[in-house]
Amino acid sequence: MQIDNNSVVAIHYTLTNPEGTVLDSSAGREPLHYMQGHGNLIAGMEEGLQGKMKGDKCSLKISPEKGYGVRDESLVQHVAREAFGNNDVQPGMKFNAGSQGSHYVITVVEVNETEVVIDGNHDLAGVTLHFDVEVMDVRMATDDEIAHGHVHGPGGHHH
Ligand code: ZN
């Protein structure tokens, strides 16, 4: 069967950036399971996989708009060093932030005597993504899975 809305799909994937550096890969792990049409994956992945079948391999080039978004420079903020108290703050550290359903990660990009520069953009915001994908399995979602908007069983939620 072809991948369509409410298909439960298992894929192996390798993600590289435009420089060819591998950023993430399912190689050596269980395949990634997701449900098509529920925003489980970035938009460019779901669009690129629509209509594919078990055994298909494809290469997807995904623009930031269909990936993790364009960079928003207003999310780069300068915060007084003292706001972090005696905590050790180093460039590259990440903090979880957000409330009531909106969740995002803040990255520390610079630290000096008086202030800390933080960036709320996703690491991959503004990056054109290249995915090599192999479709390992396609099945119809169960009614429960459709109601929940996520995959149950192997590769999914257990509850
Ligand atoms: Zn569920």
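Bear in mind these aren't lab numbers, they're just calculated from the coordinates by the rules spelled out. From a predicted model like this one, the values you see are computed outputs, not experimental measurements. Note: ideal-geometry Cβ built from the backbone for every residue, glycine included; neighbour counts use all protein chains shown.
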So E46 ticks every box in (1) surrounded by 14 or more Cβ atoms within 10 Å (Cβ to Cβ); (2) out of contact with any strand residue (DSSP E or B) (no Cβ under 8 Å at 6 or more places or on another chain); (3) farther than 21 Å from G153 by Cβ but one. Which box is left unticked?
(3)
Among the candidates H103, H78, H157, H130, single out the residue that is on the phi < 0 side of the Ramachandran plot and within 16 Å of the ligand (Cβ to nearest atom).
H157
Can you tell me how many residues in segment 140-149 are near the ligand (Cβ under 8 Å from one of its atoms) and surrounded by 17 or more Cβ atoms within 10 Å (Cβ to Cβ)?
1
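Results for (1) surrounded by 13 or more Cβ atoms within 10 Å (Cβ to Cβ); (2) touching a strand residue (DSSP E or B) at 6+ places or on another chain (Cβ under 6 Å), shown as yes or no for each residue.
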site	(1), (2)
V8	yes, yes
T21	no, no
A27	no, no
M35	yes, yes
K57	no, yes
I62	yes, yes
S74	no, no
A83	no, no
P91	no, yes
Does V135 satisfy being buried (at least 17 other Cβ atoms within 10 Å of the Cβ) and within 16 Å of the ligand (Cβ to nearest atom)?
no
So N86 passes all but one of these: (1) in contact (Cβ under 8 Å) with a residue 12 or more places away in the chain; (2) farther than 23 Å from V127 by Cβ. Which condition number does it fail?
(1)
